[in-house]
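Engineer: Here's a structure for you.
Nothing in this text is a laboratory measurement; each read-out follows from the coordinates by a stated rule. From a predicted model like this one, the values you see are computed outputs, not experimental measurements. Here the Cβ positions follow ideal geometry from the backbone for every residue, glycine too, while neighbour counts run over all protein chains shown.
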Amino acid sequence: MNDVAPILDVRGLTAGYGDTVVVRDLSLRVQAGKCVVIIGPNGHGKSTLLRAVSGLMKPMAGEIWFDGERVDGEQAETIAHRGMVHIPQGDGLFADMTVEDNLLMGSFPKGSWKDRQATIERVFDLFPIVRDKRAQRARTLSGGERRLVGLGRGLMREGSILLIDEPSLGLAPVMIDNVYGAIRSIVEAHRTVLLVEENFTHIGEVADEVHVLETGSIVRSGSLEALMADRTVVETYLGVL
Amino acid sequence: MSAAVSAAAARVGRLPRLSGLSWTGIVAVVAIVAVVPIVYSNNYILTVMITGGIVLILNTSWNFVLGIAGVWNFGQLAIYALGGYGAGLLMLHTGLPGWLCVILGGLIASGISVLLAFPTLRLYGIYTSLLTFSFASVVQFIIVNDGSGFSGGSFGLDTVDGLYPGLGARAQIHAYYWTVLALIVVATVVVARIRSSRLGIALQTIRDAPGFAAARGVNPLKYRIIAFAISGFIAGVAGGMYVSFNQSITPSVMGLTPMSIDVTMLVIGGLGTIAGPALGTTLLTIIQTSLVDYPGIQLTILGTILLLIVVFVPGGLVGLIARVKSRVSRWVSEGEGPARGG
Amino acid sequence: MSSSDLVAIVVTTIVFGSIYGLVSIGMTLIYGTLRILDMSQGSMVMVGGFVGWGILTVATWNPIVALIAAFVVTFVLGTFTELISVQPLMSRRGEIDFEMVTFITTFAVAIVLANLALQIFGPFQKNVPPLIHGGVSILGVHLDYHSMLMAFTSILLMIGLGLFLSRTRWGFAIRAVAQDLDAARLMGVPVGKLYPLTMGLASALAGIGGVFLGALYFASPTSGDLPLLTALIVVIFGGLGSLKGTLYAAYIIGLIQALAIVLVGTTWSLPILYGVILLVLIFRPYGLFGNPSEARL
């Protein structure tokens with residue numbers, strides 16, 4: 001066990017919709033500055049886990065500790081103000097707002113709002129494509145561009161953790177390279193990241209730790225190399241090579 | 001998808017299969033209400049009951065379109081008024097017998113209601129309410145601003161003879177009382193029968209699962225037009241009874257105030273249920289009558305009740321009674337047998 | 001058509017269109033953000049009228065005070081209305097017909113407000129003086145300063161609302177919530193505060209409109225009915241939830257009314273208006289700019 005208190009500490013989380021339990025009794029710790037990746041097939045609770053952690057869904061049981069405080073049961077907006085940044089599946093962009101306004105919206109918390117112009121320049125420097133599209137409405141962007149705007153928006157405020165939901169979903173391979181290039185630059189800046197992904201091909205570039213999620217529970221954990229060395233894991237969970 | 005239909009069918013099927021006890025209860029209530037004028041002949045109370053009864057006929061018709069067919073029609077008061085004006089004008093200008101004028105008034109209202117059905121078919125929920133509400137406002141506006149003397153403008157129609165011109169004042173009140181009671185029973189039975197018929201199931205399927213209804217070839221146009229025709233006729237007859245009993249009608253029977261009262265009655269009783277209009281109308285008529293000397297407070301209280309019921313008692317009184325009943329029966333059955341899981 | 005007819009039509013269009021825009025734009029703002037049709041908007045016009053009467057006729061203070069007071073009173077009232085008639089239903093949003101239920105609850109608030117006014121002020125119409133007296137004549141058409149000020153203030157407030165939405169932090173938040181509720185919450189937008197404030201803001205615009213309308217039509221417990229109806233027509237015609245649609249609709253309706261008044265006479269202007277709108281709705285069921293899935297605020 002680590003001596004340093006983790007940024008995010010999920011203890012025995014159970015969550016789902018109505019009577020259906022999707023995530024059951026799941027525990028997970030994310031240390032500051034690390035990039036933790038959860039992989040698992042679709043429908044096994046990856047998005048549900050992130051939605052419960054960020055407060056979009058009320059957990060059925062368990063505790064969520066964030067930055068030393070218990071946050072389960074709090075509203076999503078309250079948790080967001082504590083410094084959790086959740087980039088949801090399918091971007092969650094504001095379709096009729098311009099790219100620039102979408103990014104500025106990322107600076108909504110009071111502390112970030114006053115520095116928004118300086119921050120947006122930094123995001124533009126990080127993702128030059130986004131700068132070129134700044135005046136366009138979000139609904140007119142391509143899937144890859146939308147994903148970059150979503151990531152950029154997540155960087156518009158001070159956050160102690162970024163939750164990223166399936167950044168490669170539905171993108172062409174060349175675009176996935178771009179998006180993971182962007183995520184790598186985030187990880188290299190020592191931001192804490194919790195990323196969920198179905199596809200494991202790109203996570204080697206960013207992951208410090210990998211957990212395998214199956215039917216709502218973590219079934220294997222370790223470094224990507226260690227997991228790849230384990231034939232049963234590869235065959236059962238990561239798909240045939 | 002078929003779950004939606006069987007759910008609708010289950011909800012529908014409940015009513016005709018009332019237990020013998022419930023039927024006896026209903027007959028007993030009607031019988032007791034019917035003998036009231038004989039044993040307790042207070043003209044004021046009887047007048048209040050007749051007026052409330054006419055509103056109940058109107059509410060039964062409105063509940064049919066709004067609750068059962070699920071069409072957001074807020075123009076029903078105008079249909080009711082038009083039926084009343086139609087009947088009243090026929091009484092004034094033709095020598096036809098009163099009862100025939102009332103029926104013709106119902107037919108006029110029914111025809112206008114059918115015309116109103118067409119635009120609602122293309123519109124989505126909230127647009128329907130806006131359109132029908134605007135329709136009602138236009139009808140009221142036109143009558144209020146009619147300077148030709150035909151409708152009497154805001155002063156209302158000239159005095160009409162009504163249904164029972166030959167009777168004395170006292171006998172007239174009794175006659176109206178029983179006529180209105182009979183019409184309430186007929187209207188309620190008609191709506192209840194329709195609800196469990198093919199037509200009713202089609203309407204409720206269109207309401208709850210429009211996609212499924214379309215896939216099964218249920219033609220919404222046909223069913224909605226029939227629904228509007230029937231509810232328009234009942235509302236028009238209610239209007240005809242209003243003009244006969246009051247011997248006149250004014251545009252004030254429409255507008256926001258009566259509409260707020262009627263909506264409150266329906267919502268408090270339970271929209272889309274059979275007993276709802278009767279429960280809501282009775283309860284609110286009692287409240288209104290006891291607060292008759294304080295007209296401002298009266299509506300303030302009604303508005304507050306409406307707000308509280310919608311927020312805290314979804315389903316109105318009928319829904320509340322059903323929940324209490326099921327809770328009691330569950331409590332009883334838990335006491336009898338071993339506790340069930342869940 | 002004579003040149004004075006033309007001037008009359010242009011002026012009437014601008015005056016009517018602007019005030020219609022002002023009393024309707026709040027309803028659009030609320031529908032776009034909360035997805036409810038706020039039937040208490042007419043009551044806010046009525047309350048604004050009574051505030052105008054109290055300050056201009058009873059207290060005989062400055063018109064600016066009346067406008068500010070109307071803004072504050074209706075802002076608070078609108079916020080409170082949201083808290084009692086919409087907020088308690090939010091958690092049951094998925095289970096109930098939210099639009100229908102809130103239509104009824106806000107309508108209930110309107111009933112209560114109208115009858116409280118009846119209790120407090122009585123049924124008689126109260127005279128509200130014009131904010132400025134006098135007028136000018138252009139090509140034989142009389143133009144009173146009050147109507148000009150009303151149009152000017154309405155346009156100014158609508159521009160102000162546009163700037164608020166496009167430039168300020170809370171304006172961003174309102175637009176964000178209108179487009180994607182969950183994403184807005186993830187940005188930290190406190191929806192539980194934003195909803196009441198949006199309804200307060202919308203109500204305050206109607207309240208200011210009420211002070212001006214009070215001078216044109218008196219203040220009385222029922223003086224909110226016609227503005228409510230007008231606002232409903234404007235938003236339905238423009239397309240629910242579309243600010244641009246609301247503005248266009250307000251001026252188009254102003255134009256139709258101006259034409260009807262000048263060419264046919266006042267009595268038939270409203271029925272003609274309804275006829276035109278009915279026709280439009282038959283061909284465009286979602287209004288001019290309405291789209292069931294797109295174009296929010």
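Engineer: Which whole-number percentage describes the relative contact order of segment C:1-138, with Cα contacts under 8 Å and a sequence gap of 6 or more?
Structural biologist: Rounded, it is 30 percent for segment C:1-138.
Engineer: Project the alpha carbons of chain C onto their principal axes and report the range along each, largest first, in whole Å.
Structural biologist: 59, 48, 35
Engineer: Next question. What three numbers, in Å, describe the spread of the alpha carbons of segment A:1-160 along their principal axes, ordered from the longest?
Structural biologist: 45, 33, 25
Engineer: Same structure again: Out of every Cα-Cα pair in segment C:220-266, what percent are more than 11 Å apart?
Structural biologist: Summing the P(r) tail past 11 Å for segment C:220-266 gives 68 percent.
Engineer: Another one. Averaged across C:226-236, how many Cβ atoms of other chains sit within 10 Å of each residue's Cβ atom?
Structural biologist: Mean number of neighbouring Cβ atoms from other chains: 3.
Engineer: Along segment B:249-266, what does the Karplus equation 6.51 cos²θ - 1.76 cosθ + 1.60 (θ = phi - 60°) give for ³J(HN,Hα), rounded to whole Hz, x for Gly and Pro?
Structural biologist: 8, 10, x, 6, 5, 9, x, 5, 5, x, 5, 5, 5, 5, 4, 4, 4, 5
Engineer: Another question, then. Does segment B:133-207 come out rounded, prolate or oblate, given a ≥ b ≥ c as the square roots of the eigenvalues of its C-alpha gyration tensor, rounded meaning a/c under 1.5 and, failing that, prolate meaning a/b above b/c?
Structural biologist: Since a/c reaches 1.5 but b/c is at least a/b, the shape of segment B:133-207 is classed as oblate.
Engineer: Shape call for segment B:221-299 from the C-alpha gyration tensor, a ≥ b ≥ c root eigenvalues: rounded (a/c under 1.5), prolate (a/b greater than b/c) or oblate?
Structural biologist: oblate
Engineer: Grab the eigenvalues of the alpha-carbon gyration tensor for segment B:44-90, scale each by 5, take roots, and send me the semi-axes largest first in whole angstrom.
Structural biologist: Working through the eigenvalues yields semi-axes of 22, 17, 6 Å.
Engineer: Further question on the same structure: Convert 4 °C to kelvin, take the viscosity as 1.567 mPa s, use the Kirkwood radius over C-alpha pairs of segment A:69-154 as Rh, and evaluate the Stokes-Einstein diffusion coefficient in µm²/s, rounded to a whole number.
Structural biologist: The calculation lands on 96 µm²/s.
Engineer: Quick one: which of C:247-253, C:202-208, A:146-152, B:55-61 comes out on top by average Cβ neighbours within 10 Å, and what's the full order, highest first?
Structural biologist: Peptide ranking by packing, descending: C:202-208, B:55-61, A:146-152, C:247-253.
Engineer: About the Cα centre of segment C:64-214, how large is the charge dipole given +1 on each Lys and Arg Cβ and -1 on each Asp and Glu Cβ? Please answer in debye to the nearest 20.
Structural biologist: For this selection, approximately 340 debye.
Engineer: Further question: Taking the Cα centre of chain B as the origin and placing charges on Cβ (Lys, Arg +1; Asp, Glu -1), which of B:ILE50, B:PHE150, B:SER326 is farthest toward the positive end of the dipole?
Structural biologist: Looking along the dipole axis, the top candidate is B:SER326.
Engineer: Using Cα positions and a limit of under 19 Å, work out the aspartates and glutamates in reach of B:LYS222, with same-chain residues fewer than 8 apart set aside.
Structural biologist: B:ASP208
Engineer: What FRET efficiency do you get for B:LEU320 and C:SER3 if R0 is 56 Å and r is their Cβ-Cβ distance, rounded to the nearest 0.05?
Structural biologist: The computed FRET efficiency comes out at 0.25.
Engineer: Once amide H atoms are built 1.01 Å from N in the peptide plane, which residues 5 or more positions from A:ARG220, or in another chain, come under 5 Å H to H?
Structural biologist: A:VAL212
Engineer: Let me ask something additional. Under a cut-off of 12 Å between alpha-carbon atoms, report the aspartates and glutamates in cross-link reach of C:LYS193, not counting same-chain residues fewer than 8 places apart.
Structural biologist: Straight-distance partners of C:LYS193: A:GLU77, C:GLU82.
Engineer: Expressed as a fraction of 2.2 N^0.38 Å, the rule-of-thumb size for a compact globular protein of N residues, what is the C-alpha radius of gyration of segment A:168-241?
Structural biologist: 1.14
Engineer: Here is a follow-up. Taking each full run of DSSP H in chain A as one helix, which ones are at least 18 Å long along their axis (Cα atoms) and have mean Kyte-Doolittle hydropathy of at least 0.5?
Structural biologist: A:173-188
Engineer: For the pairs A:LYS58/A:LYS110; A:LYS34/A:LYS58; C:LYS126/C:LYS244, note any where the Cα-Cα span goes beyond 31 Å.
Structural biologist: Beyond 31 Å between Cα atoms: C:LYS126/C:LYS244.
Engineer: Go ahead and estimate [θ] at 222 nm for chain A from helices alone: -39,500 (n - 2.57) per DSSP H run with n ≥ 4, summed, over the residue count, rounded to 500.
Structural biologist: Counting only the DSSP helices, I get -9000 deg cm²/dmol.
Engineer: I would also like to ask the following. Over chain B, calculate the relative contact order: mean separation of alpha carbon pairs under 8 Å at least 6 apart, over the residue count, as a percent.
Structural biologist: 28
Engineer: Sticking with this one: For chain C, what does the helix formula give at 222 nm: sum of -39500 (n - 2.57) over DSSP H segments with n ≥ 4, over the residue count, nearest 500 deg cm²/dmol?
Structural biologist: Counting only the DSSP helices, I get -24000 deg cm²/dmol.
Engineer: Looking at the protein assembly as shown, what % of its DSSP beta bridges pair antiparallel, to the nearest 5?
Structural biologist: Roughly 60 percent of the beta bridges in the protein assembly as shown run antiparallel, per DSSP.
Engineer: Over the Cα atoms of segment B:118-161, each weighted equally, I'd like the Debye log10 I(q)/I(0) at q = 0.17, 0.19, 0.22 Å⁻¹, rounded to two decimals.
Structural biologist: The computed values of log10 I(q)/I(0) come out as -0.59, -0.64, -0.71.
Engineer: If I take every Cα pair under 8 Å that is 6 or more residues apart in segment A:23-71, average their sequence separation and divide by the length, what percent do I get for the relative contact order?
Structural biologist: 27
Engineer: Just need log10 I(q)/I(0) for segment B:199-342 at q = 0.13, 0.18, 0.19 Å⁻¹, Debye formula, equal scatterers on the alpha-carbon atoms, no solvent, rounded to two decimals.
Structural biologist: -0.84, -1.17, -1.21
Engineer: Report the label-to-label distance for B:ALA214 and A:ARG131 in nanometres (one decimal), using points 7 Å from each Cα along the Cα→Cβ vector.
Structural biologist: Label-label distance for B:ALA214 and A:ARG131, simple model: 4.8 nm.
Engineer: Moving to a separate point now. In debye, nearest 20, what is the charge dipole magnitude of segment B:188-342 about its Cα centre with +1 on Lys and Arg Cβ and -1 on Asp and Glu Cβ, if you could check?
Structural biologist: Dipole magnitude for segment B:188-342 comes out near 700 debye.
Engineer: Highest first, please rank the peptides C:11-20, B:303-312, C:151-160 by the mean number of other Cβ atoms sitting within 10 Å of their residues.
Structural biologist: Highest to lowest by the protection proxy: C:11-20, B:303-312, C:151-160.
Engineer: Just how many % of Cα pairs in the protein assembly as shown lie over 44 Å apart, if you round to the nearest whole percent?
Structural biologist: Cα-Cα pairs in the protein assembly as shown separated by more than 44 Å: 41 percent.
Engineer: If you don't mind, another one. Viscosity 0.692 mPa s, temperature 37 °C: what is the translational diffusion coefficient of chain B from Stokes-Einstein with a Kirkwood Rh over Cα pairs, rounded to a whole number of µm²/s?
Structural biologist: In µm²/s, the coefficient rounds to 155.
Engineer: Ordered by packing density, taken as the mean number of other Cβ atoms within 10 Å over each peptide's residues, highest first, how do C:92-99, B:217-224 rank?
Structural biologist: The most tightly packed comes first, giving B:217-224, C:92-99.
Engineer: While we're here: Report the local net charge at B:ARG216: Lys and Arg +1, Asp and Glu -1, summed over other residues whose C-beta lies under 15 Å from its C-beta.
Structural biologist: With Lys, Arg at +1 and Asp, Glu at -1, the net is +2.
Engineer: Would you please classify the overall shape of segment A:109-175 from the alpha carbon gyration tensor, given that a ≥ b ≥ c denote the square roots of the eigenvalues, rounded means a/c under 1.5, and beyond that prolate means a/b larger than b/c while oblate covers the rest?
Structural biologist: Judged from the Cα gyration tensor, segment A:109-175 comes out oblate (a/c at least 1.5, b/c at or above a/b).
Engineer: Right, another one. For segment A:105-227, report the translational diffusion coefficient in µm²/s to the nearest whole number, using Stokes-Einstein at 25 °C, 0.890 mPa s, and a Kirkwood Rh over Cα pairs.
Structural biologist: 157
Engineer: If I take all pairs of Cα atoms in segment C:189-244, what percentage of them are more than 13 Å from each other?
Structural biologist: Tail of the P(r) past 13 Å holds 69 percent of the pairs.
Engineer: While we're here: Return one quarter of the surface area of the convex hull spanned by the alpha-carbon atoms of segment B:59-129, equal to its mean projected area, in nm².
Structural biologist: It is 4.8 nm².
Engineer: I'd like the FRET efficiency for B:SER41 and C:PHE218, computed as 1/(1 + (r/R0)^6) with the beta carbon distance as r and R0 of 51 Å, rounded to 0.05.
Structural biologist: 0.65
Engineer: Give me the distance in nm between label points sitting 7 Å out from Cα along the Cα-to-Cβ direction at B:VAL29 and B:VAL48, one decimal.
Structural biologist: Each label point lies 7 Å from its Cα, and together they span 1.9 nm.
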